[in-house]
Amino acid sequence: MSGVVAVSEAVSLAFHGMGLLASGRRMSAKEMAERVKVSEAHLAKVFQRLVKEGLVTSTRGPGGGFELAKDPAEVTLLHIYTVIEGLPRAEHCLLHSDTCPFGTCIFGSMLEKMTAEFVEYLKNTTLADLQRGETR
């Protein structure tokens with residue numbers, strides 16, 4: 001993650017698809033892609049990474065699809081994010097520099113606070129929270 005809050009398309013697909021699976025229902029990549037209105041191929045590629053990391057199981061053939069491999073209450077958005085993008089970085093400079101030409105950052109500590117708040121939200125929000133509509 002860059003120093004400024006950013007969510008890639010792959011992370012967005014993972015969040016939304018996993019949110020759909022939190023209902024406990026098996027869904028195909030096609031079905032999820034239609035519900036979220038995204039590319040089935042891209043969603044399937046993202047979900048293969050989630051399968052590899054043990055968050056999702058995959059069943060081939062008629063009636064097949066993806067299912068959560070864990071209880072929705074055990075899966076945080078941070079875990080999903082980390083599987084797709086890796087650990088969030090603590091970098092807060094838009095110039096990716098250790099020193100600022102102005103002496104202090106023109107944004108003060110705002111970017112650092114935004115990033116910390118975003119990571120805290122991901123850490124404290126589970127798929128079960130999404131299923132219940134309880135986002136903070």
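What follows draws every value from the coordinates through simple rules; no lab data is involved. For clarity, every value in this text was computed on a predicted model and none was experimentally measured. FYI the Cβ positions are ideal-geometry reconstructions off the backbone, even for glycines, and counts take in every protein chain you see.
Couple of notes before you dig in:
- Charge dipole of the stretch 9-132 (Cα centre as origin; +1 on each Lys and Arg Cβ, -1 on each Asp and Glu Cβ, all else neutral): 520 debye, rounded to the nearest 20.
- Selection from S97, L13, V119 lying farthest towards where the dipole of the chain points positive, charges on Cβ: L13
- Equivalent ellipsoid semi-axes, the chain, via Cα gyration tensor eigenvalues times 5, rooted, Å: 33, 15, 12
- 16 Å Cα cut-off, lysine pairs counted over the stretch 1-135 (separation 8 or more, or different chains): 4
- Mean residue ellipticity (222 nm) of the chain, computed from DSSP H runs ≥ 4 via -39,500 (n - 2.57), nearest 500: -14000 deg cm²/dmol
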